[in-house]
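Peer 1: Got a structure for you, written out below as structure tokens; questions coming shortly.
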Amino acid sequence: MVLINDNYTKLAESYLFSTVAKKREEYRAAHPQAEIINMGIGDVTQPLCPAVIAAMQQAVTEMGEAATFHGYGPEQGYDFLKDAILQHDYLSRGVNLTADEIFISDGSKSDTGNIGDILGQANIVAIPDPVYPVYVDTNIMAGRTIKMLPTGEENGFCALPPDFHADIVYLCSPNNPTGSVLNREQLTAWVEYALRENALLLFDAAYKAFITDDSLPQTIYEIPGAEKCAIEFCSFSKTAGFTGTRCAFAVVPKGVMGHTADGESVSLNALWNRRHTTKFNGTPYIVQKGAAAIYSEEGQKQVQATINIYRENAKIIKDTLSELGFFCIGGENSPYVWLKAPNGMASWDFFDLLLTELNIVGTPGSGFGQMGEGYFRLTAFGSRENTVKAMERFRNYFGK
Ligand code: PLP
């Protein structure tokens, strides 16, 4: 008899985005003429920038010749990419890290999910609500005790340190789904909490490229002490359109320690290295070459130009919703706009209304946690044309 991991039976039946897609496809099948605009899933729509394409084409050519062919690479990633990351994302911001503290991967979804492999089951995990569902689901899979950190309008949807102990805390800033961003003071409070409680911060910075406000930290390591208590996850998905190409990295500083049941101190960097080299065989050379190209001068300009398109979309959404009297946050240092459904409507009721009356697909806030009930997420990752069209539909429907 094969025994399963019983924790899987405790998961909610279907993953949020699968449910959204199913409802959308059912509606499309019943109304084939409807022009549905998708502002739901957080996928990007702009193509990879020319610098990335050129670098990847060059890498493909190299792969076709024995002298420049690349087989298995270092599981942790090539130095050319790790050095570019160190230089541009960290040293330039006064953060000193070393290349062996960076682990290139195939995505932050994998990294934020897999990190639990090296962490004990008895840890108490604190997770903001609402937030990216992967943290909750992967901890349910592992059978850990989860304590939610409720956020709402009163705290700007920013999770702050609780008055209870947690061993592991997930933070997502800029936040998916709310678009809220933790400022320096709030991050400092979290680092102080972690150092005081001997806790680990798992900081997901997948949307850091959207931060425009210079006073906001782009990495948790801008906060003194974070190098002793925080692991950071970054992704090229939203920064440079790698959602389909797959490349990300985790930063695990050597000073971040865990403990054995006997109280012996163990470096999480060493454990993650062991896990990564055992279960992962490296992100493709071609992909890493493409990722490194975003750090070239022209790559930086091109990537910024793409991000600016999404930023402008976010502004169009936010301005329209504000004008129409919706409560909304995000959209300024984030590609997500988080709005309150009108007249006390539940999130899924608002989803149905937008789908059937406006032919717009968004994401119900309740899918990101209980505190998201009554709220809704729209993304700025669509085309300009669709964003403008969607907001016209909002005006026509809600502006009367
Ligand atoms: N982290 C957050 C907060 C996200 O919203 C997403 C994707 O939507 C990811 C991670 C996944 O990133 P990746 O494409 O690198 O797996």
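The values are calculated or read from the model by the stated rules, or taken from the named source; none is laboratory data. All values reported here derive from a predicted model rather than from experimental measurement. Every residue, glycine among them, receives a Cβ derived from its backbone with ideal geometry; neighbour counts consider all protein chains shown. The protein model used for the area step is the full one, side chains on, heavy atoms only, and it has no ligands, DNA or RNA in it. Shrake-Rupley method; radii C 1.70, N 1.55, O 1.52, S 1.80 Å.
Peer 1: Using a 10 angstrom cutoff on alpha carbons, build the Gaussian network for the chain and name the most mobile of Ile118, Ile102, Ile294.
Peer 2: Ile118
Peer 1: Output ³J(HN,Hα) for the stretch 121-129: one whole-Hz value per residue in order, computed from phi by the Karplus curve 6.51 cos²θ - 1.76 cosθ + 1.60 with θ = phi - 60°, and x for Gly and Pro.
Peer 2: 6, 7, 4, 8, 10, 10, 9, x, 10
Peer 1: Mind checking which of Asn176, Asn313, Asn139 has the largest fluctuation in a GNM of the chain, springs on alpha carbons under 10 Å?
Peer 2: Asn139
Peer 1: In the stretch 8-48, whose amide N lies under 15 Å from the spot 7 Å out along Cα-to-Cβ of Gln121? List them in ranges.
Peer 2: Inside the label zone: 8-10.
Peer 1: While we're here: By the gyration tensor of its Cα atoms, with a ≥ b ≥ c the square roots of the eigenvalues, what is the shape of the stretch 50-296: rounded for a/c under 1.5, prolate for a/b over b/c, or oblate?
Peer 2: Cα axes put the stretch 50-296 in the prolate bin.
Peer 1: Need the full-extension length gain, Thr278 to Ser322, defined as separation in residues times 0.36 nm minus the C-alpha distance. One decimal, nm.
Peer 2: Value of the extension gain: 10.8 nm.
Peer 1: Another one. Per residue, how much accessible surface does the stretch 264-400 expose to a 1.4 Å probe? Answer in Å², no decimals.
Peer 2: Using a 1.4 Å probe on heavy atoms only, each residue of the stretch 264-400 averages 42 Å².
Peer 1: Show the residues, 5+ positions off or on another chain, whose built amide H is closer than 5 Å to the amide H of Val169.
Peer 2: Ala126, Leu200, Leu201, Leu202
Peer 1: Right, here's the next one. Given H placed 1.01 Å from N in the peptide plane, which residues other than close sequence neighbours of Met257 have an amide H under 5 Å from its amide H?
Peer 2: Residues meeting the criterion, in which the H sits 1.01 Å from N, are Leu268.
Peer 1: At a 10 angstrom cut-off on C-beta neighbours, averaged per residue, how do the peptides 241-253, 157-169 rank from highest to lowest?
Peer 2: For the peptides 241-253, 157-169, the packing ranking is 241-253, 157-169.
Peer 1: Also, I was wondering about something else. Can you tell me which of Asp262, Asp352, Asp79 moves the most in a GNM of the chain? Springs connect C-alpha atoms under 10 Å apart.
Peer 2: Among Asp262, Asp352, Asp79, the largest mean-square fluctuation in the Gaussian network model of the chain belongs to Asp262.
Peer 1: Karplus couplings for the stretch 357-367 from phi (6.51 cos²θ - 1.76 cosθ + 1.60, θ = phi - 60°), rounded to Hz, Gly and Pro as x?
Peer 2: Each residue of the stretch 357-367 in turn: 8, 10, 6, 10, 9, x, 10, x, x, 5, x Hz.
Peer 1: Could you calculate the FRET efficiency of Asp349 with Val388 from 1/(1 + (r/R0)^6), where r is the beta carbon distance between them and R0 is 25 Å, rounded to 0.05?
Peer 2: 0.45
Peer 1: Taking the Cα-to-Cβ direction at Glu65 and at His88 and moving 7 Å from each Cα, how far apart do the two end points lie in nm?
Peer 2: Each label point lies 7 Å from its Cα, and together they span 2.6 nm.
Peer 1: With a 1.4 Å probe and every protein chain left in place, tell me how much accessible area Glu154 has, in Å² to the nearest 10.
Peer 2: 150 Å²
Peer 1: Further question: For Lys315, tell me the accessible area in Å² from a 1.4 Å probe, rounded to the nearest 10.
Peer 2: Roughly 100 Å² of Lys315 is accessible to a 1.4 Å probe.
Peer 1: At 0.36 nm per residue, minus the direct Cα-Cα distance, what do Met1 and Asp214 gain on full extension? Give it in nm, one decimal, please.
Peer 2: Stretched out fully, the Met1 to Asp214 stretch lengthens by 70.9 nm.
Peer 1: May I ask you to order 187-193, 203-209 by the average number of other C-beta atoms within 10 Å around their residues, highest value first?
Peer 2: Descending mean neighbour count gives 203-209, 187-193.
Peer 1: Moving on to the next point. Return the carbon/sulfur percentage of the accessible area of the chain, one whole number, probe 1.4 Å, all protein chains in place.
Peer 2: Carbon with sulfur: 51 percent of the solvent-accessible area.
Peer 1: Measuring with a 1.4 Å probe in the full set of protein chains, what accessible area per residue, in whole Å², belongs to the stretch 98-213?
Peer 2: Heavy-atom accessible area per residue stands at 33 Å².
Peer 1: Could you give the nm distance between label points at Thr9 and Ile140, where each point is 7 Å from its Cα heading toward the beta carbon?
Peer 2: 1.5 nm
Peer 1: If you don't mind, there's one more thing I want to ask. Using the structure shown, list the pairs from Lys10/Lys238; Lys23/Lys208; Lys340/Lys400; Lys147/Lys340 with a Cα-Cα distance above 29 Å, or answer none.
Peer 2: Checking Cα-Cα distances, Lys10/Lys238; Lys23/Lys208 exceed 29 Å.
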